[in-house]
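Chemist: What follows is a single structure, and I will ask about it in a moment.
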Amino acid sequence: MDQDLCYCGERAVRGEGLLRNTMSCPACGSEWEITHCWNCGEQIDGRFSSTCRSCSWYLCAKCGAHEPDCTHTIKASLKNAAHYQGTFI
């Protein structure tokens, strides 16, 4: 899905300054974050990404990375990471 396209079908706008990773839809008011993995650089779309229950960072579907100092071990293998997208692990 296009990172600028909202579920409602309208184009979202990117925030400015410190909010530059936040997308907002002027039509319906939805907001989501677009960022990237610190480890492999893969784009992370907050609408479709899981978060770590311990550190609350998004999990990368490609490499499984989240906050570097988090002690929580993600039990899903990298092979199954895509299966967990959109769930809270």
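Chemist: What number comes out for the charge environment of Phe48, summing +1 per Lys or Arg and -1 per Asp or Glu over other residues with Cβ under 15 Å away?
Modeler: Residues near Phe48 contribute -4 overall.
Chemist: Quick one: what are the phi-derived ³J(HN,Hα) couplings along the range 16-23, Karplus 6.51/-1.76/1.60 with θ = phi - 60°, whole Hz, x for glycine and proline?
Modeler: With the stated coefficients, the range 16-23 comes to 10, x, 5, 9, 5, 8, 9, 9 Hz.
Chemist: Okay, next question. Sort 27-36, 44-53, 13-22 by the packing proxy (mean of other Cβ within 10 Å over each peptide's residues), most packed first.
Modeler: 44-53, 27-36, 13-22
Quick note: the coordinates plus some simple rules give every number you see, no bench work behind them. Since the structure is predicted, the reported quantities are computational estimates derived from the model, not experimental observations. Please note: Cβ atoms are built from the backbone with ideal geometry, for glycine as well, and neighbour counts cover all protein chains shown.
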